[in-house]
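Before any comments, here is the structure.
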Amino acid sequence: MTEEEEQLVFPGGVLVTVESIEGYAEDARRVAESPLDDGEIRTPDWVIGELARVSDHAARMVLVILNAETLKRRAATRLERARATARRANAGLPGTQQSAAVVLATTEEKDAYDDAVTAFEYARRVGNLLKDYTGRVQSIGKQVELTYNHGSGRRS
């Protein structure tokens with residue numbers, strides 16, 4: 001990291017890294033994969049509580065995705081700078097040898113970039129999964145509301 005790049009930090013002081021992004025995304029994924037078809041009777045209180053729980057994770061995922069994208073962009077910049085430096089350092093070599101030298105000189109930056117891209121894509125997909133889960137909980141909420149408003153449909 002260069003001096004002009006300030007460190008990215010999540011609220012609470014957790015440093016933004018590939019690992020922390022994946023950790024937050026994994027926590028949210030577990031929420032979004034909670035079973036909704038387990039046969040339990042849902043109440044309005046359950047719906048409200050579940051929507052609050054998923055909302056907390058969805059709100060956090062906005063920041064996680066933003067930080068993941070920033071980490072990815074910074075990794076891309078470091079990779080391009082490393083490639084430019086390697087091309088300059090190997091300018092006297094024939095084309096094929098120069099290309100190989102550049103690839104070999106930038107493997108660390110390329111691996112970091114690939115990891116950052118993977119973390120960003122995972123976080124983005126988990127964000128989408130949370131959105132889908134929220135919709136499913138809202139559908140259950142509508143069913144619960146209808147049940148409470150209209151009863152079970154049975155008459156004695």
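We did not get these values from a lab; they are worked out from the coordinates using the rules stated. Because the structure is a prediction, the values reported are computed rather than measured. Using ideal geometry, Cβ is built from the backbone for each residue, glycine included, and neighbour counts are taken over all protein chains shown.
Data overview
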read-out	value
Degrees between helix 95-105 axis and first principal axis of the chain (Cα, 0 to 90, nearest 10)	60
Protection proxy ranking of 115-123, 133-141, 100-108 - average other beta-carbon atoms within 10 Å, highest first	115-123, 133-141, 100-108
Burial ordering of H57, H150, fewest other beta-carbon atoms within 10 Å first	H150, H57
Overall dimensions of the chain by Cα: Rg and Dmax, Å	23.7, 93
Ordering of 25-31, 142-148 by packing [mean C-beta count within 10 Å, highest first]	25-31, 142-148
Magnitude of the charge dipole, the stretch 18-149, Cβ model with Lys/Arg +1 and Asp/Glu -1, debye to 20	840
Angle in degrees between helix 44-89 and the longest Cα principal axis of the chain, rounded to the nearest 10	10
Helix 18-32 vs. the chain, principal-axis angle (Cα, 0 to 90°, nearest 10)	20
The stretch 4-156 - percent relative contact order, Cα under 8 Å, separation 6 or more	37
